[in-house]
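What follows is a single structure, written as structure tokens, with notes after it.
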């Protein structure tokens, strides 16, 4: 008789958990999986997929306007939030069914309910216990609400925003990370008056400085109000919405306030510490390069480990674990040069190092930047620009980072990510023939290096001295 009920039991049916469970099941392992919400997790139901659908929907506002420059006469368009929400929910339900079928076809037993570790080989779900030789933790992350803000209970999170009962006429968004700027673009495009409150001078903390400054400017040009260098200290519920009080004493009125101030690992209530699974200060599960926790037979992948919190990374980590344990194919997830995108408006995409990171790690670098009006807007008349940037190690001429803000940035950077992953040099970029006319060709035609900060500073000082001497 088998010593355990399962070879692998997975807690969490999001992207990482499903990928690992399916792969293990396809290799003949007996696999169980528990999920207390919807199969597919945050990405399918409260993140990537519904967000991208709403991004598409919000773009039509500008498309109708831009059509006039190309000879089209469009009657005054009208938007129905309920219809879009219904269509989005129908697609999410379909995807949930797809995930269930994929797991079933791989022989995975799905148990509805929240799992909790009883010991290193036992998971309890809904009062019933299941034993497994190995256990995978894949419970993801959840939105963070800062407890030091008075009235924070009146705030909504990204979990709520994609299914508003009614479209808010005035929406305040606290936080300028990728979730904040994406939701700002969505609701601005759908007709809400959007105010974004951020603690820093620009949005997207952690991204390349040129990307941050450029996107901040483009968002403002679109009409999104950005309140920078600001903290919220109090939220009051009013009859007609909410009132936000800043630490500077200003008030911001809105129909709803949405907090997008980050996410935290969803590690509470799982019994982890009781069985010896070590957590870091943020509650993330500590793992080694094989995604193994401090308990030898327990593994963890995805946002729960707080390495790189992206859906494709969670999937790759889960598949690597399954290959290693159930296919005799030892595989580690490579977390270097992982491309990412922000579906802001305009979108952002990047791969590799920022300029600051490159200078800190490699010393001298060459930087190439292009800033131009996209061909589409030469006729549409829209005041929107695109920015592209290459960061190159001076000694080896290896391209360390590619960054873009502008239409189709995620589609373009995906291809460049292959080149960066392969260690391509600037000469190889230069020798590649561009596709004309496209925005993407700019990445292989940039020739002028931007002066180093020290050179620019010296030039500015010289200019100032010359100007002083002329008077």
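The values are calculated or read from the model by the stated rules, or taken from the named source; none is laboratory data. Keep in mind that what you see is a predicted model, and the values were worked out from it rather than measured. No Cβ is skipped: glycine too gets one built from the backbone with ideal geometry, and neighbour counts run over all protein chains shown.
Given the conditions (1) over 22 Å from residue 27 (Cβ atoms); (2) touching a helix residue (DSSP H, G or I) at 6+ places or on another chain (Cβ under 9 Å); (3) in contact (Cβ under 8 Å) with a residue 40 or more places away in the chain, and given that residue 115 satisfies all but one, which numbered condition is not satisfied?
For residue 115, the exception is condition (2).
Any residue in segment 196-207 that is in the same structural domain as residue 227 (by TED's automatic domain parsing) sitting within a Cβ distance under 7 Å of a residue that is part of a loop (DSSP other than H, G, I, E, B) and at pLDDT below 95? List the pairs, counting only those 6 or more apart or interchain.
Cβ pairs passing all conditions: 199/231.
Where in segment 276-352 are there strands (runs of 3 or more DSSP E), lying wholly inside it, with at least 3 residues that are in the same structural domain as residue 15 (by TED's automatic domain parsing)?
Answer list for segment 276-352: 298-300.
Any idea which of (1) closer than 26 Å to residue 260 by Cβ; (2) assigned to a helix (DSSP H, G or I) is the one residue 25 doesn't satisfy?
Single failed check for residue 25: (1).
Looking at segment 218-245 only, could you name the residues that are part of a helix (DSSP H, G or I) and surrounded by 15 or more Cβ atoms within 10 Å (Cβ to Cβ)?
Those that are part of a helix (DSSP H, G or I) and surrounded by 15 or more Cβ atoms within 10 Å (Cβ to Cβ): 218, 219, 222.
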